[in-house]
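So the structure is just underneath, and the comments pick up after that.
The values are calculated or read from the model by the stated rules, or taken from the named source; none is laboratory data. All values reported here derive from a predicted model rather than from experimental measurement. Because the Cβ atoms are built from the backbone with ideal geometry, glycine has one as well, and the counts that use them run over all protein chains shown. Only protein heavy atoms, including side chains, enter the accessible area calculation; ligands, DNA and RNA are left aside. Shrake-Rupley method; radii C 1.70, N 1.55, O 1.52, S 1.80 Å.
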Amino acid sequence: MTATNTDTPMQETQTINVTIDNAIHWLEQNQHADGYWAGQLESNSCMEAQWVMAQHVMNVPKDEKYDNVIKSILSEQTDDGSWAIYYDAPHGDVNTTVECYAALRIAGYKPDHPVLEKARKWIFDNNALPRIRVFTRFWLSLIGEWPWKYCPALPPELIFIPSWAPMNIYQFAQWGRATIVPLCILSARQHVVPLPPDARLDELFPGGRKTFDYRIKHNEVSLFSIEKFFIIADKFLNTYIKSPIKPFRELAIKTCLEWITKHQDWDGAWGGIQPPWIYAIMAYTCEGYPLEQPNVLMGLEAFNTHWRIDKDKGTYLQASDSIIWDTILSLLAYLDCDITPDSSETMRRAIDWILSKEIKVKGDWAITVKNTEPGGWAFERANQLYPDVDDTAVIILVLAKAKKYLDVETNQRIDGAIKRAESWVRAMQCKNGGWGAFDKDNCKLLVTKIPFCDFGEVLDPPSVDVTCHVIEAFVMLGHNVQNDPAMKRALDYVKSEQEPEGSWFGRWGVNHIYGTAAVLPALEALGEDTSSEYITRAAEWIVKHQNGDGGWGETCASYMDDSLRGKGPSTASQTGWGMMCLLAVSPEKYEKNIRAAIDYLGRTQADGTWFEPYYTGTGFPGYGIGERKDVTQKKGFMTQGKELARGFMINYNMYRHYFPLMALGRARKTLTL
């Protein structure tokens, strides 16, 4: 759809200048005194529901925030009685709804309460209970509402498998690995803290528990397939758990506990994300650690720190902490608007803070990447053992751009940090030329076949969005395809991932608009001919998907319905991505489209920023393998629809701010306004 804009050139100039000035003022007003920015990371109500269930499992007394945590769960129930994975999802999520139902029963809500009556009707109407994922089964088992024998077994002996052997824990993605280790303890102990009689979920089993089929419904698989082997092996492992003879079981649990303790972050959480954090503190208490034990106490208190978001709708538990990502992208927006650190104390504070967060210790990545010194940055403030390539690449880019405006001492710090970071990123390049987020060549499909892995993503393979951020960073350091074989391999990988219609899949943002917006600026920076067929095809795809109001939008449902790629209500963040695509390819050719987008952002800005309830960040698309998948081929595919029951979607509250600001800054420099 072609957008139109009828403003005069003078009006357009005033619009873009005022919009940029307002957005910069908003950043100035919202910077923390330490120098960082941090927006809320919104996800779904499983975060709060699981905390309520965990408090029961650990016998943690209700505290001052408890009622407000319950309030947040109630606030997110949809009109049909369900809870959803993302805003405006076409359907509720069976897992979130069942977990929220259980949490509310624990909190004292009776089955005849209108909230639970409505939720229960939805659960029955959608045959939800037999369809729940493994994680939800684990939670119901922990509170005595699901038999452990119908959950996949996770033997703690996994910790003994050497890193060179199949099925070792380092073949799982960072988030999966950190979650599996504590779950191994809970699974091995088949830990149960039953609900009191008046809180049990009997009403969810109207035919009685004895007649309910708790078994996992597996897809049809060949008798001689790997999947069938693991299904049979899982039955054996569940039998083994009950055996009185388990020669290495106690040593395995002790080793898992040691691994957990070594991986706890200074803020009390694990890996910078909610799942390993909440399972780790339960694993401790399962093994008899008191609530006052330092590691347990740190874990419990973490919810009272930056993980906690208090709003009118209640108290929310963030699934992660996007502080470094938010800070570095805000700095990039300043630079795109021609604001430099020599004239901005705000930027200097932010750069100092970023430099202070450099990681100088080896993490899990060093298990598979040998003879490489640490360097780089994490996504979160306290995650020392899991730096990621994406944050590190953007930080290299920003520091390399900013250093000429800074003093000698700061430049020396920057030079050292960039040198270490570049060396680390180069060592993390995968065999196919791309980069994953946390690990190198984390692509072993074998681990996705085990019954446990019916959630999110189990692997962390290369993605074009991360790879293109590395390309941009390395170009800024003077590298190109002519003088750097790593860049040539990266470019070849990116080209190989293009969709026939011209777009690129978005692994870490929604979806093809995000992926394409990562690629096209990188190709421009690399010096690719932007009039070439494959780049023009990408730009035309972006133009084709511009909305009539001048913006761009893409629904999370596009991860399961190819016809929805590039389609959805306009958002500020996705409009910024669309603009940056066209600005990178040909500002002159696409000037009309860019000006319409500028007008859209000017019209929709309020109080210096933008309102954006839609989720445009991606944690997991829900494919299991961590990369794009042909969703038209249903054979062997995980059970999810456009509600993304196996996915994890995110509303980064600052995406609505710095991405449109970047685009506006680039447009002001590029167009004649």
Subject >> Whole-percent carbon and sulfur share, accessible surface of the chain, 1.4 Å >> reply: 54 percent
Subject >> Contour excess over end-to-end distance, with Cα ends at ASN411 and GLU588 and 0.36 nm allotted per residue >> reply: 60.1 nm
Original post:
Using a Förster distance of 56 Å, how high is the FRET efficiency between GLU345 and LYS210, based on the Cβ-Cβ distance and rounded to 0.05?
Top reply: 0.20
**OP:** Could you tell me the accessible area of THR575 in Å² (1.4 Å probe, neighbours in place), rounded to the nearest ten?
**Re:** 0 Å²
Original post:
Sorted by average packing, counted as other Cβ atoms within 10 angstrom per residue and highest first, what order do 364-374, 117-127, 297-307, 543-553 take?
Top reply: 543-553, 297-307, 117-127, 364-374
Original post:
Once label points are set 7 Å from the Cα along Cα→Cβ at both LYS362 and ARG426, what is their separation, rounded to one decimal in nm?
Top reply: 1.9 nm
Subject >> Global geometry of the chain, whether rounded, prolate or oblate, following the gyration tensor of its Cα atoms and the 1.5 cut on a/c >> reply: prolate
Original post:
Once you sort the root eigenvalues of the Cα gyration tensor of segment 410-528 as a ≥ b ≥ c, which label holds: rounded (a/c under 1.5), prolate (a/b larger than b/c) or oblate (the other case)?
Top reply: oblate
Original post:
So how much slack lies between SER163 and GLU540, counting 0.36 nm per residue of separation and subtracting their Cα-Cα distance, in nm?
Top reply: 131.1 nm
Original post:
For the residue pair ASN483 and ASP310, what label-to-label distance in nm results when each label sits 7 Å from Cα along the Cα-to-beta-carbon direction?
Top reply: 5.4 nm
Subject >> Net length gained if the chain between GLU250 and VAL18 were fully extended (0.36 nm per residue, minus Cα distance) >> reply: 77.0 nm
**OP:** With label points built 7 Å along Cα→Cβ from the Cα atoms of GLU117 and ASN59, find their separation and express it in nm.
**Re:** 3.7 nm
**OP:** Kindly report the accessible area of the chain per residue (heavy atoms of protein chains, probe 1.4 Å, no ligands, DNA or RNA), in Å².
**Re:** 38 Å²
**OP:** Mind jotting down the distance between the C-alpha centroids of segment 464-531 and segment 429-450, whole Å?
**Re:** 18 Å
